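As structure tokens, the structure follows; a few thoughts come after it.
FYI, it's all coordinate maths here, none of it is from the lab. Since the model is a prediction, treat every value here as computed from it, not as a measurement. Cβ placement follows ideal geometry from the backbone for every residue including glycine, while neighbour counts extend to all protein chains displayed.
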Amino acid sequence: MRRWACLVATIVVVSASPAEAKKFRYAGGPTAPADTLGWQAQSEFQPVIGSRRPRVPLTNLQLTSLVADTAFTRALRSAPLDSGLRVVLAPAESHPLNFVVEHAILRDLARRGVTATVRRSIIPDDSVHAVGGAGEPVLEYQLATARVTYLRFVGYLPGRVKIERQSLVEGGLTLREPATASVRWVADAGFNLVDRFPRGQTSLVEDERFAELKSPLPDRNAEKVFEPVVVVAVVGGLVALFFQNRP
């Protein structure tokens, strides 16, 4: 009886308490969508870093610049050019890739502390005195050969075939006195480098502007393809006969 009396009293108390409802007020309604008629795309730059970096081969121009830098840097080792000297740098003949050699020579002269006045045209023999009128010696460079040659295919598995290429640069340097146009120093420049790159990336390494830095793909006939297979088959047959004829 006491339990029922307590339960009834609790219900009466709860029923007697008035229900309180909370009220919520909003400062405003939902925001209207912005006008999308004149939207502008946002640029996003996501560099590939870490282990995700793709490996791409040097372009033919980059490889030739590397070879030219090595060739003419080695040729300038014995040049009588001291720090603080001023020279006139000019080409001895015209070539579409003269700018590659010019850049390589200027890099070496800067490391030596030599100041250069750059000319992009050939200096006639009777104008050397006028060009170097202030006593500045004339350093002339000649680019005889600058080319890239695809030598051969390497590999046989699809997707793993590589092209072996050679970059070759040959030329020379001549240092002349401005007063008499006589030759004070001369040196030959030459270097070549062979590397490999995936066959599927041929379009990435070539540049349509420089025909000298393009080369036809090498031929691969059926004999070269099946020659390793034939050799393996012959060796395997000899090994099998050897074990069969053992007592």
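At 7 Å along Cα-to-Cβ for each site, give me the label-to-label distance between A240 and R86 in nm.
So the label points at A240 and R86 sit 8.2 nm apart.
From the residues F72, L61, P124, which one has its Cα farthest along the dipole of region 55-214 in the positive direction, the dipole being from +1 and -1 charges on Cβ of Lys/Arg and Asp/Glu about the Cα centre?
Selected residue: L61.
If you keep only loop residues by DSSP, which trypsin sites (Lys or Arg not before Pro) in region 132-171 have at most 16 other Cβ atoms within 10 Å of their Cβ?
Working: sites: R147, R152, R160, K162, R165; in loops: R160.
Answer in residue order: R160.
So in region 55-214, what percent of DSSP beta bridges are antiparallel if you round to the nearest 5?
80
Going toward the positive end of the dipole of region 55-214, with +1 on Lys and Arg Cβ and -1 on Asp and Glu Cβ, which of L157, L193, A179 do you reach last?
Looking along the dipole axis, the top candidate is L157.
Treat every Asp and Glu Cβ in region 115-166 as -1 and every Lys and Arg Cβ as +1, leave all other atoms uncharged, and give the resulting dipole magnitude about the Cα centre to the nearest 20 debye.
Here the size comes out at about 700 debye.
What's the exposure ranking of I163, I49, I122, going from fewest to most Cβ atoms within 10 Å?
Ranking I163, I49, I122 by Cβ neighbours within 10 Å, fewest first, gives I49, I122, I163.
Where the only charges are on Cβ atoms (+1 Lys, Arg; -1 Asp, Glu), what is the dipole of region 55-214 about its Cα centre, to the nearest 20 debye? Walk me through the intermediate numbers first.
Details: 20 positive and 18 negative charges, 167 e Å.
Roughly 800 debye for region 55-214.
Sort I123, I105 so the one with the fewest other Cβ atoms within 10 Å of its own Cβ comes first.
Least crowded to most crowded, the residues run I123, I105.
For D207 and N192, calculate 0.36 nm times their separation in residues minus their Cα-Cα distance, and state this gained length in nm to one decimal.
In short, 3.4 nm is gained.
Give the calculated FRET efficiency between S94 and I49 to the nearest 0.05, with a Förster radius of 35 Å applied to their Cβ-Cβ distance.
0.20
Taking amide H positions as placed 1.01 Å from N in the peptide plane, with prolines and chain starts having none, which residues 5 or more places from R152, or on another chain, fall under 5 Å of its amide H?
Amide H to amide H, under 5 Å and 5 or more residues apart or across chains, R152 pairs with E164.
To the nearest 20 Debye, how big is the dipole of region 114-206 about its Cα centre, given +1 on the beta carbon of each Lys and Arg and -1 on that of each Asp and Glu?
Dipole about the Cα centre, nearest 20: 720 debye.
Hey, what's the Cα Rg ratio for region 55-214 versus the globular rule of thumb, 2.2 N^0.38 Å?
Its radius of gyration relative to the 2.2 N^0.38 Å reference: 1.22.
Explain nothing, just the number: relative contact order of region 55-214, from Cα pairs under 8 Å at least 6 residues apart, as a whole percent.
28
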